[in-house]
Amino acid sequence: MDKILVIDDERSIRNSLKDILSFEDYDVDTAENGIEAIDKIKTNKYRIAFCDIKMPNMDGIEVLEKCQTISPDTSFIMISGHGNIDTAVECIKKGAFDFIEKPIDLNRLLITVKNAQERGSLIQEKKVLKKKISNKETIIGSSKEITQILNMCDKVAGTDARVLITGENGTGKELVAKRLHKQSDRKEHPFIEVNCAAIPSELIESELFGHEKGAFTSANKQRKGKFEQANNGTIFLDEIGDMSASAQAKVLRALQENCITRVGGDKSIKINVRIIAATNKDLRKEIEENRFREDLYHRLSVILIHVPSLQERLEDIPELCEYFIKEISKSYGKAPKKISKEAVKLLQQRKWTGNIRELRNIIERLLILSDKDITEKDVESFT
């Protein structure tokens, strides 16, 4: 049951609101001033708080501001008998969910409570989803190679140094990029991914830098590119070795001048982004064969992080198996199966051309096809 706090210095209003909300099966507490309200919010989880604006010693706006840090998920509904548009706007700017004038209309009150509940539910769902996503983005392993990568991330994340991540397909280069972003001062800002290999060469510049209306046949309106979308955050240029020569030149200019120009435009737009790039190619070889700009390579590779293949970290397979078994079983809503030591040893003897991605697929297959626990025989039969 959702808990609601009513904060008002007038006893009659406190009791009236409590009676109405209690009748609707809400669990209601009351506070006669801001100090008492803050003490209660510190020790209780309230989904909603009704707060009078005009109160002695500490007014409702001050209570709202203090509670934004104490309990940011609590939806504050401000109430006042001296309300006007300016007051309502100020409350919303300070973080209030809504504003209701006295005398309070019963229907308006109950509708506002329902809306605040829905907001609270969405916040909780978002937290759960973020936790699920975060769990899927964990770098798993205790090998020397993985430990070195994690240590490097810890050292580099707090800076704005550009990072070039190298490694085969399926090794987890994207996870390294996301870890760098999440540990940085930019973590509250966007992390924008661009797969340079998946975008046709004729569209890559528009995708990265945006375009003005009429820049080309299908440009029906102005569009911001990935660099603008990532402003104040991080842009992750995956498979940068597949980027066209003209796009490479523009990326180099963006790095040198911290500004971009949309396709079809002539206005320079200032940007503040951290660039992390990744590739499965040998860029030194690409430079020798004139397929990649050497000056761009040096701009991107302030910090180099190489992600080893699974073949180079076979000792991490037991830990990876346990992780994938739990993750996949949870997504299927089933209890995790056990995997025998013999089965794990057999997996460690395989040639992993598809790296972590291939291992995850095989674990999913084994979970589906094995009868009970995953045995050595299952590995022999289904991989």
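The values are calculated or read from the model by the stated rules, or taken from the named source; none is laboratory data. Not measured: the values here are computed from a predicted model. Positions of Cβ are generated from backbone atoms using ideal geometry, with glycine treated the same way; all protein chains shown enter the neighbour counts.
In this structure, is LYS226 over 22 Å from ARG299 (Cβ atoms) and among the charged types (D, E, K, R)?
Values: over 22 Å from ARG299 (Cβ atoms): no; among the charged types (D, E, K, R): yes.
No: the conditions fail for LYS226.
Would you call VAL302 closer than 22 Å to LYS182 by Cβ and hydrophobic (A, V, I, L, M, F, W, C)?
It is true that VAL302 is closer than 22 Å to LYS182 by Cβ and hydrophobic (A, V, I, L, M, F, W, C).
Listed residues LYS330, LYS372, LYS337; which is of a type in the set (Lys, Arg) and either under 22 Å from GLU312 (Cβ atoms) or outside any loop (DSSP other than H, G, I, E, B) (or both)? Walk me through it before giving the result.
Details: LYS372 fails: either under 22 Å from GLU312 (Cβ atoms) or outside any loop (DSSP other than H, G, I, E, B) (or both); LYS337 fails: either under 22 Å from GLU312 (Cβ atoms) or outside any loop (DSSP other than H, G, I, E, B) (or both).
From the options LYS330, LYS372, LYS337, the qualifying one is LYS330.
Considering only the range 167-180, how many residues are touching a residue at least 60 places away in the same chain (Cβ under 8 Å) and either surrounded by fewer than 21 Cβ atoms within 10 Å (Cβ to Cβ) or assigned to a loop (DSSP other than H, G, I, E, B) (or both)? Please lay out each step first, then the result.
Narrowing the range 167-180 to residues touching a residue at least 60 places away in the same chain (Cβ under 8 Å): 167-174, 176-177, 180.
Restricting the remaining residues to those that are either surrounded by fewer than 21 Cβ atoms within 10 Å (Cβ to Cβ) or assigned to a loop (DSSP other than H, G, I, E, B) (or both) gives 167-172, 174.
Count: 7.
So which of LYS40, LYS66 ends up being out of contact with any Leu (no Cβ under 7 Å at 6 or more places or on another chain), in the same structural domain as ILE123 (by TED's automatic domain parsing) and of a type in the set (D, E, K, R)? Quick ask: steps written out before the conclusion?
Values: LYS40 fails: out of contact with any Leu (no Cβ under 7 Å at 6 or more places or on another chain).
Checking each option against the conditions leaves just LYS66.
Exactly one of these conditions fails for LEU347: (1) of a type in the set (A, V, I, L, M, F, W, C); (2) modelled with pLDDT under 95; (3) assigned to a helix (DSSP H, G or I). Give me its number.
Every condition holds for LEU347 apart from (2).
For the range 290-323, which positions are closer than 29 Å to ARG253 by Cβ and either touching a Ser or Thr at 6+ places or on another chain (Cβ under 8 Å) or part of a loop (DSSP other than H, G, I, E, B) (or both)?
Filtering the range 290-323 down to residues closer than 29 Å to ARG253 by Cβ leaves 290-307.
Once the filter is applied, which keeps residues that are closer than 29 Å to ARG253 by Cβ and either touching a Ser or Thr at 6+ places or on another chain (Cβ under 8 Å) or part of a loop (DSSP other than H, G, I, E, B) (or both), the range 290-323 yields ASN290, ARG291, PHE292, ARG293, SER301, VAL302, LEU304, ILE305, HIS306, VAL307.
Picking from LEU255, LEU237, which residue would you name as being assigned by TED's automatic domain parsing to the domain that holds LEU203 and assigned to a helix (DSSP H, G or I)? Spell out the reasoning first.
Values: LEU237 fails: assigned to a helix (DSSP H, G or I).
LEU255 is the lone residue from the list that is assigned by TED's automatic domain parsing to the domain that holds LEU203 and assigned to a helix (DSSP H, G or I).
Considering only residues that are within 30 Å of the chain's Cα centre (by Cα) and in a loop (DSSP other than H, G, I, E, B), look in the range 203-218 and name the one that is farthest from GLN248 (Cα to Cα). Spell out the reasoning first.
Initially, the range 203-218 is screened for residues within 30 Å of the chain's Cα centre (by Cα), giving 203-212.
Those left that are additionally in a loop (DSSP other than H, G, I, E, B): 203, 210, 212.
Values: LEU203: 13, GLY210: 15, GLU212: 20 Å.
Per the stated criteria, the residue is GLU212.
Can you pull out every residue in the range 151-166 that is within 15 Å of PHE236 (Cα to Cα), part of a loop (DSSP other than H, G, I, E, B) and touching a strand residue (DSSP E or B) at 6+ places or on another chain (Cβ under 9 Å)?
Correct list: ASP160, ALA161, ARG162.
Specify the residue that is surrounded by the most Cβ atoms within 10 Å (Cβ to Cβ); the eligible residues are those in the range 181-205 that are of a type in the set (S, T, N, Q) and at pLDDT 90 or above. Spell out how you get there, then give the answer.
We begin by selecting, within the range 181-205, every residue of a type in the set (S, T, N, Q); these are 183-184, 195, 201.
Going one step further and asking which of them are at pLDDT 90 or above, we end up with 183-184, 195.
Working: GLN183: 14, SER184: 21, ASN195: 15.
Applying the filter and picking the extreme gives SER184.
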